[in-house]
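J.: Structure in structure tokens, see below.
The values are calculated or read from the model by the stated rules, or taken from the named source; none is laboratory data. Remember, it's a predicted structure, so these values are computed and weren't measured experimentally. Every residue, glycine as well, gets a Cβ built from its backbone with ideal geometry; the counts of neighbours run over all protein chains shown. With ligands, DNA and RNA removed, areas are computed over all heavy atoms of the protein, side chains included. Shrake-Rupley method; radii C 1.70, N 1.55, O 1.52, S 1.80 Å.
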Amino acid sequence: MFSRLILLFLLLATNDSWAAHDIALIDDTHSVFNVAKSAHYLVDSSGQLSINTVSSEAYSKHFLPVNGYSLQLGLIKGNIWLRTEVAIRTSKNQPVLLELNAPRLEYVDIYIPSLYENQVQARLGEDRPYSNRPIEHPNYLFPLPSNAPPVFTIYLRLSSNLPINMQIYLKTLSKVSLSSQENFTFTGLLMGILLIVFLSNLFFYIKSTHPMYIVYSVMLLAIALFHLAFHGQLYQFFPNQVGLQERIYNFAALSCMVGMTFFSRLYLDTKSYLPTLDKALVVLGTTNAFFAILFTASPHFINIIYLSFITFITLLLLTALAVYAYFKSIPFSGHYLTARITLLIGYFIWAMSAYGMMSSPIIYEWGLTVIFIIEAMIHFSGMIAQLNPFLKKQSRLTRYSQAKTLDLISDLSSRLRRQINVIDGSLLEIEKNLKSEKNRQLIHNGLIANNNLQELTQRLDFIGATQDKTQPEQSLPLFLTKIVDDAYNSFQLLDQDNTSVDLITKNIDHVEILNNAELIQHLIETMILEFKYFTDQVLTMEISRHDLNREGIRMLELYCYPIPNRVSKAEGGFDLGMNYISLLIHHLNGKMDITQHEKSQVLSVSIPISSHIRYARTELEQEHNCDLILFGQQDKDLQKALNILQSKHNNIEHFDQLDELLIFLDKPDNRYLASIILVFDNGGHIPHITIQKVRPLMKVEDQCLLITNNVKMSRDYAKTIGFDELMTGSELDSQLQVQLLRLIRRGERHKNTLLPSIKPLRKEP
């Protein structure tokens, strides 16, 4: 009897495990389901079968289970019919969407016979207008009807002259948004790496004037264009041009081969070392250019497999050239051989995945771009090695001594490597946690690294200006408070380490700088960047104005402490750190000193400034760009804030009950301006409960400031629970206006970096 019970248990468990994937299920515990696990497919080579035929009982046994993570069939003549059972059992009223991750698929028809009989519910595909898509997105998204029965069947008819590679999911709307954000983040990181290498090549071209760097830069642009076309992210810019994205894909793919061929001529200098093969490379590059034009003009005239064949043959010939050049001991051929072998192997693996010979959707989706970037980085290291001989030929372009030039290039190279390492580390982290929410913090890393690269270029420009004894022209006076705020805001756009900086200003209100305002702002920004800590230790910078007895002479004094131990006085050589700061201070006729105070170092800088005092309204008074909302019980801090803000022209609202505040915020469409909410920690209100209820009702540009006298409340904890900034009641007189300006600017930046909107779901009749 006991053995029979065991046998019955195993039988039931086996049936449950087999039945688990027969139906694509979305419920309260499962927000995503891979439809490939439950789907069955039928190959219609004739292309004549209708929905009536394939949905009949006679054809139900002809369908085969997909039994895979994705549908990768390669080139198929005719149509592919896909069938899956769907069950939606969610208690929440949340839309569920069918997502088809196949941007290059040409025709997709969706049927739901149990609801709409034989009517097509959506006609999607790259060879159909972009307006056919119910939701604007690179992938095909189809919202499932809300009135569907508990279990219903979906049929998909697929057809394409290109290899069919598709991932199919059922997802809730929130899950679709999250996965889209992850894909856009990954794409942004890849584009950030290409952008850094592109800008570096432009810089190297300016320094060496060698055309190799220009050709390579064009090839990088083609790689970026290829990736965007491959992932369907260009169609939305040309919604009325059917098939244009496929033409761009073909053009970019073969343009990469053209650029790679002519880059090989310049990199190996085949005209000097291999003159016979040089002519062959010209013919090979011209041939690829001809096919690029042909495939762009008539993408369906020639089978797509020939494009892959041309690409593979080109890579194979260039690899053979690399082997030959290496055995001939041509300079720098080692880097070239490594790059060619890497790309050839990577492309071969990707092609096997694309044509269905190896099932790996990750390799198909991301493999080719990643291998192109790895190959680009190998070439980049080789081109840096070639840069020094080019610089020797162009020594007339610099006024520095040879030793200083080498120090500068070495320092620039190390800093560029740091930015590349940041993006590379983020890239590896996302690859490990592609489905995790932890990678949200990495979304802006590529942009921040690019900002740092631009800032390094700005330093080089200032070096040239100081050596030529030229000063940036200043057309209008600028308030010193605005200069300090702009420097701090620029630092926030460049900081990659979540650094804590305490900025203290004294006696700088109403001071207008007449000359060198740009240099002063750049000096403050550079000092914070160089002296910041890579831990949780706080760097303090005091900025004050000191009037001398002589009329019209004022001094700007900067104090930084505690200075990290890695910082020391500039001695010999040259770099873009302390030496560069010393150069700026010297150009401003200032003085700098590092002293030991207790257990830490203090940097003091004194700069003469040409200025005058002009009493004028602050920026908050001049611009009606926000509404001010005060929440809390009446006390001395709230009254002090009201006294400070009453003279302003902004709209001011005061609420002492949380329900009243929530009712006011619950109508975001009626609030045309951004809102700055000042929450006072008094009257029994609990801050974290308040922010939990207020935050969902805030617009993206709204900001929330916590004002408290609780010594146990730290700035980091306030930000963790949802506040944007923290201020104590004692700081209201000196810091309230400055803090409001910073919050307004931060809200404007958030508003300008919104993701593209999604069309509302269409209601079915």
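J.: Here are the criteria: (1) more than 23 Å from GLN233 (Cα to Cα); (2) open to solvent by less than 10 Å² (accessible area, probe 1.4 Å); (3) part of a strand (DSSP E or B). Tell me which single one THR153 does not satisfy.
T.: (2)
J.: Take the residues in region 711-758 that are among the basic types (Lys, Arg) and within 18 Å of LYS482 (Cα to Cα); name whichever of them is modelled with the lowest pLDDT.
T.: The qualifying residue modelled with the lowest pLDDT is ARG749.
J.: Which condition does THR287 not pass, out of (1) open to solvent by 20 Å² or more (accessible area, probe 1.4 Å); (2) of a type in the set (Ser, Thr, Tyr); (3) modelled with pLDDT under 85, if it passes all the others?
T.: (3)
J.: Just give me the residues in region 225-265 being of a type in the set (Phe, Trp, Tyr) and under 30 Å from ILE330 (Cβ atoms), in sequence order.
T.: PHE226, PHE262, PHE263
J.: Another question about this same structure. Please specify each residue of region 78-98 satisfying the condition of being of a type in the set (A, V, I, L, M) and touching a His at 6+ places or on another chain (Cβ under 9 Å).
T.: LEU82
J.: Quick one: would you say ILE110 is within 23 Å of GLU365 (Cα to Cα) and either open to solvent by less than 10 Å² (accessible area, probe 1.4 Å) or aromatic (Phe, Trp, Tyr) (or both)?
T.: No, not satisfied.
J.: I'd like the full set of residues that are open to solvent by less than 60 Å² (accessible area, probe 1.4 Å) and either of a type in the set (A, V, I, L, M, F, W, C) or free of Cβ contacts under 8 Å to residues at least 60 places away in the same chain (or both), limited to region 580-591.
T.: Those that are open to solvent by less than 60 Å² (accessible area, probe 1.4 Å) and either of a type in the set (A, V, I, L, M, F, W, C) or free of Cβ contacts under 8 Å to residues at least 60 places away in the same chain (or both): ILE581, SER582, LEU583, LEU584, ILE585, LEU588, GLY590.
J.: So is ASP109 outside any strand (DSSP E or B) and not small (Gly, Ala, Ser) or not?
T.: Taking the combined requirement at face value, the residue does not satisfy it.
J.: Now, a different point. Which residues, taken from region 314-349, are open to solvent by less than 70 Å² (accessible area, probe 1.4 Å) and part of a loop (DSSP other than H, G, I, E, B)?
T.: ILE330, PRO331 - these are the residues of region 314-349 that are open to solvent by less than 70 Å² (accessible area, probe 1.4 Å) and part of a loop (DSSP other than H, G, I, E, B).
J.: Also, I was wondering about something else. Going through LEU494, LEU514 one at a time, which residue ends up being hydrophobic (A, V, I, L, M, F, W, C) and out of contact with any strand residue (DSSP E or B) (no Cβ under 9 Å at 6 or more places or on another chain)?
T.: One residue alone meets the criteria, LEU494.
J.: Please go through region 696-718 and pick out each residue that is assigned to a helix (DSSP H, G or I), open to solvent by 70 Å² or more (accessible area, probe 1.4 Å) and within 20 Å of SER730 (Cβ to Cβ).
T.: If the condition is that a residue be assigned to a helix (DSSP H, G or I), open to solvent by 70 Å² or more (accessible area, probe 1.4 Å) and within 20 Å of SER730 (Cβ to Cβ), then ARG715, ASP716, TYR717 are the ones that fit.
J.: OK, next. Would you pick out the residues in region 43-77 that are more than 16 Å from GLY356 (Cα to Cα), touching a residue at least 40 places away in the same chain (Cβ under 8 Å) and surrounded by 14 or more Cβ atoms within 10 Å (Cβ to Cβ)?
T.: ILE51, VAL54, SER55
J.: Kindly indicate whether SER264 is buried (at least 16 other Cβ atoms within 10 Å of the Cβ), assigned to a helix (DSSP H, G or I) and in contact (Cβ under 8 Å) with a residue 60 or more places away in the chain.
T.: The answer is yes for SER264.
J.: Within region 350-361, track down each residue that is modelled with pLDDT of 80 or more and surrounded by fewer than 17 Cβ atoms within 10 Å (Cβ to Cβ).
T.: Across region 350-361, the qualifying residue is only MET352.
J.: Taking the criterion of being closer than 17 Å to LEU478 by Cα, crowded, with 17+ Cβ neighbours inside 10 Å and of a type outside the set (Val, Ile, Thr), would at least one residue in region 541-550 satisfy it?
T.: Yes; the residues of region 541-550 include at least one that is closer than 17 Å to LEU478 by Cα, crowded, with 17+ Cβ neighbours inside 10 Å and of a type outside the set (Val, Ile, Thr).
J.: Among the numbered conditions (1) touching a residue at least 12 places away in the same chain (Cβ under 8 Å); (2) open to solvent by less than 70 Å² (accessible area, probe 1.4 Å), tell me where TYR273 comes up short.
T.: (2)
J.: Here's another thing I want to ask about it. Can you pull out the residues in region 281-313 that are outside any helix (DSSP H, G or I) and either on the phi > 0 side of the Ramachandran plot or without any contact (Cβ under 8 Å) to a residue 60 or more places away in the chain (or both)?
T.: If the condition is that a residue be outside any helix (DSSP H, G or I) and either on the phi > 0 side of the Ramachandran plot or without any contact (Cβ under 8 Å) to a residue 60 or more places away in the chain (or both), then SER298, PRO299, PHE301, ILE302 are the ones that fit.
J.: Which residue pairs have Cβ atoms closer than 8 Å, lie 6 or more positions apart in sequence or on different chains, and pair a first residue in region 712-724 that is farther than 19 Å from ASP702 by Cβ and basic (Lys, Arg) with a second residue that is part of a loop (DSSP other than H, G, I, E, B) and at pLDDT below 85?
T.: What qualifies is ARG715/SER500.
J.: Within region 677-695, restricting attention to residues that are closer than 14 Å to ASP724 by Cα and within 31 Å of the chain's Cα centre (by Cα), which residue is surrounded by the most Cβ atoms within 10 Å (Cβ to Cβ)?
T.: Out of the qualifying residues, it is ILE677.
J.: Continuing with this model, one more query. Which residues, counting only those in region 464-492, are modelled with pLDDT of 75 or more and either within 27 Å of ASP547 (Cβ to Cβ) or open to solvent by 70 Å² or more (accessible area, probe 1.4 Å) (or both)?
T.: Answer for region 464-492, where residues must be modelled with pLDDT of 75 or more and either within 27 Å of ASP547 (Cβ to Cβ) or open to solvent by 70 Å² or more (accessible area, probe 1.4 Å) (or both): PRO477, LEU478, PHE479, LEU480, THR481, LYS482, ILE483, VAL484, ASP485, ASP486, ALA487, TYR488.
J.: A further question on this structure: Test ASP666 against the stated conditions and say whether it is acidic (Asp, Glu), open to solvent by 10 Å² or more (accessible area, probe 1.4 Å), out of contact with any Pro (no Cβ under 7 Å at 6 or more places or on another chain) and within 28 Å of VAL711 (Cα to Cα).
T.: In short, no.
J.: Please determine, by comparing only the residues of region 206-229 that are modelled with pLDDT under 80 and in contact with a helix residue (DSSP H, G or I) (Cβ under 7 Å, 6 or more places away or on another chain), which one is farthest from THR286 (Cα to Cα).
T.: The qualifying residue farthest from THR286 (Cα to Cα) is LYS207.
J.: Only one of (1) part of a helix (DSSP H, G or I); (2) more than 23 Å from THR286 (Cα to Cα); (3) open to solvent by 10 Å² or more (accessible area, probe 1.4 Å) is not met by SER255, so which one is it?
T.: (2)
J.: Now, a different point. Going through LEU178, LEU220, LEU190, LEU195 one at a time, which residue ends up being open to solvent by 40 Å² or more (accessible area, probe 1.4 Å) and in a helix (DSSP H, G or I)?
T.: Step by step, each of LEU178, LEU220, LEU190, LEU195 is checked, and only LEU195 is open to solvent by 40 Å² or more (accessible area, probe 1.4 Å) and in a helix (DSSP H, G or I).
J.: Let me ask something else about it. Hey, can you tell me all the residues within region 166-175 that are assigned to a helix (DSSP H, G or I) and buried (at least 18 other Cβ atoms within 10 Å of the Cβ)?
T.: The one that is assigned to a helix (DSSP H, G or I) and buried (at least 18 other Cβ atoms within 10 Å of the Cβ): LYS175.
J.: Let me ask another. Name the single residue, out of those in region 496-512 being without any contact (Cβ under 8 Å) to a residue 60 or more places away in the chain and among the aliphatic types (A, V, I, L, M), that is farthest from PRO608 (Cα to Cα).
T.: Looking at residues that are without any contact (Cβ under 8 Å) to a residue 60 or more places away in the chain and among the aliphatic types (A, V, I, L, M), I get VAL501.
J.: Is there a residue in region 224-241 that is aromatic (Phe, Trp, Tyr), surrounded by fewer than 23 Cβ atoms within 10 Å (Cβ to Cβ) and under 20 Å from VAL370 (Cβ atoms)?
T.: yes
J.: Same structure again: Before we move on, is LEU73 at pLDDT 85 or above and part of a strand (DSSP E or B)?
T.: no
J.: Something else now. For a quick check of your reading: which strands (runs of 3 or more DSSP E) sit entirely within region 559-637 and have at least 1 residues that are among the small types (Gly, Ala, Ser) and at pLDDT 85 or above?
T.: 600-609
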